[in-house]
Structure formats: C-alpha cells, structure tokens
Amino acid sequence: MTAPFVDPLAIMLIGLAMGTGIGAFYFFYAARGQKDQIASLVYPAIGIGLFDFMSGFYMSFAWPMKTFGVPYNMLFGDPLLMFGLLLIIGAVMIYKNVKLGIMPLLSVLLGIYVLDGAYSISALKLETGQNYITAMGLYIFDAIGAILVPIAYFKPEEGKSGAIKYMYYVEWIILGIGTIFALVIGYLALYGHLSSPP
C-alpha cells in the first residue's frame, strides 16, 4: 500500500512570499539605516527559512517527477529548498554580526537557477494562459532579485550620488513584486485545491 500523494503547493507559495517579503524589507530597512528593524527580521527569517527549506526538501525528494505533467520538484521544490537554506544562513549571519563573505554570491547562483527555470517554463511550455503570466512574473522577478543581492556588499551611505541607496530601493521593489506574484499564485492554488483536491 502506497501513501497518498500530498500537495502542499499553496502553503509553499505563501511561505516563499513570506521569505521574499522578509528579503525585500531587509533592503528597505538597510537603505534607511534602520538596524533595529533589520534585527527584528532575524527570527521570522529563521522560522520561514526553516519552513521553506523543509517544504522544498519534501517536494524535491518525495514528489513524483511529473506531477500534473510538470516536474515541479525540480522547477519549484529545488529553488525553494535552497532559498530557505540561504534565508536561514543570512539570518544567522545578521544575528552573529559577521561579514557577508560569499553569501551574496550563493544567492546569484540560485538566481541563475531560477532564471533557467523561467526560460524552461517558456521554451518547454510548462505553463499556459494565466498560469504562464503569473509563473513567469514570479520566476523572473525572484531571479533578478536573487542576482542583485550582491549590492549588499556596498553600504547605502557609500557614494555621494546616493546610487547605492537607490539600488537598495530597486531591490526592495523587485523582491516586493516577486512576493506579490507568489501570493497571487498561492491563493489561486488554495482555491483550486479546495474546489478540486489533487
């Protein structure tokens, strides 16, 4: 007897939205020099990061390769797993007040993976119609947000023109848009699963 297949995709998308929202507000608070607000993100980042890591791990290793005709375990589970891990690492680094080291570069590698996922969605026609638009929005904005994380190597107060602070706000907006896409897809998935359970 095999165990029934469980599809927690809706809550996983909400978890992703919470994580990218935390990332967005890190850059918002950092641009404004609000270190106390940055510190307040540590515990939520660890908790949400742990959830994202665990749910991504479950999807990566326990889901069938082609659920609903799409290999979601690689397309969504793998990057969610790594995002959760990086979120935890980043939160602990802020808590311990240690230098960033290669952490932002690891985020770039994840961003490239997600960008490859966006290309694959389009080239392989993994999503269509409204699902295509929302999926591409999610993957493109989250990929760009991850690739831009190395701006954290530069402090917002550096540079007389304020260009670094401007880039922090741009990153806040990009991650914020990615968060909105994740929420929309997550809430639509909830409705879809309630109306027709997998």
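The values are calculated or read from the model by the stated rules, or taken from the named source; none is laboratory data. Every value quoted in this text rests on a predicted model; they were computed, and no experiment measured them. When we count neighbours, we look across all protein chains shown, and the Cβ atoms used for this are built from the backbone with ideal geometry, even at glycine. SASA here: full protein model, heavy atoms, side chains in, ligands and nucleic acids out. Shrake-Rupley method; radii C 1.70, N 1.55, O 1.52, S 1.80 Å.
Any residue at all in the range 172-187 that is more than 25 Å from residue 28 (Cα to Cα) and part of a helix (DSSP H, G or I)?
Yes, the conditions are met somewhere in the range 172-187.
Condition (residue is under 19 Å from residue 176 (Cβ atoms) and polar (S, T, N, Q)) applied to the range 96-114: is it met by at least one residue?
Among the residues of the range 96-114, at least one is under 19 Å from residue 176 (Cβ atoms) and polar (S, T, N, Q), which makes the answer yes.
Step by step: first the residues of the range 54-76, then only those that are in contact (Cβ under 8 Å) with a residue 60 or more places away in the chain and within 18 Å of residue 15 (Cα to Cα), then the one that is surrounded by the most Cβ atoms within 10 Å (Cβ to Cβ). Which residue is that?
The residue in question is 76.
Working only within the range 138-194, note down all residues that are within 28 Å of residue 127 (Cα to Cα), hydroxyl-bearing (Ser, Thr, Tyr) and open to solvent by less than 60 Å² (accessible area, probe 1.4 Å).
The answer is 139, 179.
Applying the selection to the range 44-72, what residues are out of contact with any Gly (no Cβ under 8 Å at 6 or more places or on another chain) and part of a loop (DSSP other than H, G, I, E, B)?
Listed by number, the residues that qualify are 64, 65, 66, 68, 69, 71.
So which of 126, 85 ends up being surrounded by 15 or more Cβ atoms within 10 Å (Cβ to Cβ) and part of a helix (DSSP H, G or I)?
85
Given the options 107, 120, name the one that is under 15 Å from residue 26 (Cβ atoms) and surrounded by 13 or more Cβ atoms within 10 Å (Cβ to Cβ).
It is 107.
Checking residue 30 against (1) open to solvent by 30 Å² or more (accessible area, probe 1.4 Å); (2) in a helix (DSSP H, G or I); (3) more than 16 Å from residue 142 (Cβ to Cβ): exactly one of these is not met. Which one?
(1)
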